[in-house]
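Before any comments, here is the structure.
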Amino acid sequence: MSSEGREVEEEHRTQPAPGPADEQSGGRLDAWAADAVADARGANGFGDPDARWLMLLMHAAFFMLLGASLARFLLRHPGEARTPWIIALSAALAVLYVLGPVLGSRPTPRSLVWLGVLVAVWMVLVVLAPSFAWCAVPLFYTGLRILPPRAALALVTLLTLLVVAAQLRLAGGFDPNLVLAPPAVAAVATAVFVHMRRQAVRQRELSERQRELIGDLLRTRRELAATERREGTLAERQRLSMEIHDTLAQGLSSQQMLLQAADRTWDGDPATARRHVRTAAGIAERNLAEARRFVHDLAPADLAEGGGLEAALHALATRETAQAQGRLTVRCHVEGEQHGALPDRVRSALLRIAQGALANVKEHAHATEAALTLTHLDDRVVLDIADNGQGFVSAGSTERTAGVRGHGLPAMRARLRQLGGTLTIESTPGEGTVLSAAVPLAPAPARAPASAPTSDPAPEDFV
């Protein structure tokens, strides 16, 4: 009997009878197949945080199976002539497997040649020692990971047939479990792997699509913001151009005409020429005033006149009453004493809030009376705007009140937020609305205590 026949016979005698041991072997095969699928999931970008560890586990499983198969052969067939070949082929298979991660998982010519040599060495080992068939499961994963689908299925079929043949040789006869179990496990592992790879492709496509949509949304928002800025800039330029045309440009044109007329009549009628020059000087003075007004337009016009916040609020109340032509009366009250000049930002913000609040009163409240009350406290200044209009239902939220009163309230809150202030709104349907804007003030520096006199008091001090 040949040495190969003796190995088959000896391994058949030591092969356990079909039963729990066979089921345990099938469970081990299922476990390695599951590990192969998990490794494939990590390699194909399924987003599994444990993919790297699963891949390392698959590689470790291959070397464990290879070492176990070699140890089994050496223990059961010591000193045979083919032993050096088995050891050399096992070492070559281990070295080839280590080169796999270096070459990558793409089907390049180098990786295809590597896979072919790896499978060929394994097949020779299986022919010489059928126990090396256990290494097929990691090779399933390797083929499915590198080859295209059809080529990978062909390789899995070939490996499965070799596993079945090796198991039948070890069994020494026909065993339905050994014939059907390896193909079933290979089919399930392949189906799960292919499904997960397709899921990975779809997930990547979905992620790319989401990134594109987010990019489009951000780009659209930037374009919209840029468009709004351009529109605002153009509107402000148009306003300024109209102002300049109606004031400075016309004044300069009049000055030019007057100076040209004075130049023509200077020798013949000096008095008329001097009159033209004086008129041109008056126009220049008015143009200078207009230019200064343009500069002060960066701040509220009422404050540019230099009367302070109280005077600006009184002027605003008078102007709004006059513009309403009897439909609305606005009064202004000042309470408390002002401790030092208010910062320009505070004055500008409170005046703008008063203007916006009165605009809301005229547009929404249908009120007949409104009151501006400026209160100076020690640590803050408070501006109250009250009306006797129709009021509204106050939900206690910015979104609700902003929806009722338009877009002015968010601007008021933003101004006050920059100053560390607060905006409070109280309103009841049919009973009017009270809007209160409070701005904290920096504490005034403490005065230094008066020093004690160092000289004798004068006689007048005792009178």
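Would you grab the residues whose amide H sits under 5 Å from the one on E369? Only those 5+ places off in sequence or on another chain, please, with H modelled 1.01 Å from N.
Those lying under 5 Å, H to H, from E369 are T329, N388.
From the phi of every residue in segment 337-344, what ³J(HN,Hα) in whole Hz does the Karplus formula 6.51 cos²θ - 1.76 cosθ + 1.60 yield, where θ is phi - 60° and glycine or proline is x?
In residue order, the calculated couplings are 10, 7, 9, x, 6, 6, x, 4 Hz.
Could you run the Karplus curve 6.51 cos²θ - 1.76 cosθ + 1.60 with θ = phi - 60° over segment 80-96 and give me ³J(HN,Hα) per residue in whole Hz, x for Gly and Pro?
7, 5, 7, 4, x, 5, 4, 5, 5, 5, 5, 5, 5, 5, 5, 5, 4
Residues with beta-carbon under 14 Å from that of T422, excluding T422: net charge, scoring Lys, Arg +1 and Asp, Glu -1?
On the way: positive: R380, R413, R415, R417; negative: D379, D384, E426.
Result for the neighbourhood of T422: +1.
When Lys and Arg each count +1 and Asp and Glu each count -1, what net charge do the other residues less than 10 Å away from A371, Cβ to Cβ, add up to? Each step should come with its number before you reach the end.
Details: positive: R331; negative: E369, D384, D387.
Computed value for this residue: -2.
Using the heavy atoms of the protein chains and a 1.4 angstrom probe, tell me the accessible area per residue for segment 167-269 in square angstrom. Each step should come with its number before you reach the end.
On the way: 7570 Å² over 103 residues.
Averaged over the residues of segment 167-269, the accessible area is 74 Å².
What accessible surface, in Å², does a 1.4 Å probe find on M123, ignoring ligands, DNA and RNA and rounding to the nearest 10?
Near enough 60 Å² of accessible area.
Could you check the simple spin-label distance between R204 and W266, using points 7 Å along Cα→Cβ, in nm with one decimal?
Taking the simple label geometry, R204 and W266 are separated by 8.5 nm.
For the pair Q238/S436, report the inter-label distance in nm, with labels modelled 7 Å from Cα in the Cβ direction.
Calculated label separation equals 4.2 nm.
Once you put a point 7 Å from the Cα of A281 and another 7 Å from the Cα of E337, both along the Cβ direction, what distance in nm separates them?
Label at A281, label at E337, 4.7 nm between them.
Full extension from A187 to W53: what is 0.36 nm times the residue separation minus their Cα-Cα distance, to one decimal in nm? Working shown, then result.
Details: separation 134, 0.36 × 134 = 48.24 nm, distance 2.45 nm.
Contour length minus Cα-Cα distance gives 45.8 nm.
Rounded to two decimals, what is the ratio between the C-alpha radius of gyration of segment 93-166 and 2.2 N^0.38 Å?
1.04
Grab the Cα-Cα distance for R274 and T83, subtract it from 0.36 nm times how many residues apart they are, and report the gain in nm with one decimal. Walk me through the numbers before you get to the answer.
Values: separation 191, 0.36 × 191 = 68.76 nm, distance 12.77 nm.
Here the segment from R274 to T83 would lengthen by 56.0 nm.
Using each residue's phi in segment 374-387, evaluate 6.51 cos²θ - 1.76 cosθ + 1.60 at θ = phi - 60° and report the 3J(HN,Hα) Karplus result to the nearest Hz, with x for Gly and Pro.
In residue order, the calculated couplings are 9, 10, 9, 10, 5, 10, 7, 10, 10, 10, 10, 10, 10, 9 Hz.
So how exposed is D379, as accessible area in Å² (1.4 Å probe, rounded to 10)?
Here the residue's solvent-accessible area equals roughly 80 Å².
Provide the FRET efficiency to the nearest 0.05 for the V98-A120 pair, computing r from the beta carbons and using R0 = 22 Å.
Efficiency, from the Cβ-Cβ distance: 0.85.
Give me the number: length gained by fully extending R222 to R76, i.e. 0.36 nm times residue separation minus the C-alpha to C-alpha distance, one decimal in nm. Intermediate results must be reported in sequence, preceding the final value.
On the way: separation 146, 0.36 × 146 = 52.56 nm, distance 7.51 nm.
Net length gain for the segment: 45.1 nm.
Please work out the C-alpha center-to-center distance from segment 155-233 to segment 315-334 and express it in whole Å.
Each part reduced to its Cα centre gives a spacing of 74 Å.
Amide H neighbours of C332 under 5 Å, at least 5 residues apart or on other chains, H built in the peptide plane: list them.
L372
Q418 to L288: FRET efficiency via 1/(1 + (r/R0)^6), r the Cβ-Cβ distance, R0 35 Å, to the nearest 0.05? Please list the in-between numbers first.
On the way: r = 34 Å, r/R0 = 0.96.
With R0 = 35 Å, the Cβ-Cβ based efficiency is 0.55.
The values are calculated or read from the model by the stated rules, or taken from the named source; none is laboratory data. Since this is a predicted model, take the numbers as computed values, not measurements. Virtual Cβ from ideal backbone geometry, glycine too; neighbours counted across all protein chains shown. To get the accessible areas, we keep the full protein, side chains included, count just its heavy atoms, and leave off ligands, DNA and RNA. Shrake-Rupley method; radii C 1.70, N 1.55, O 1.52, S 1.80 Å.
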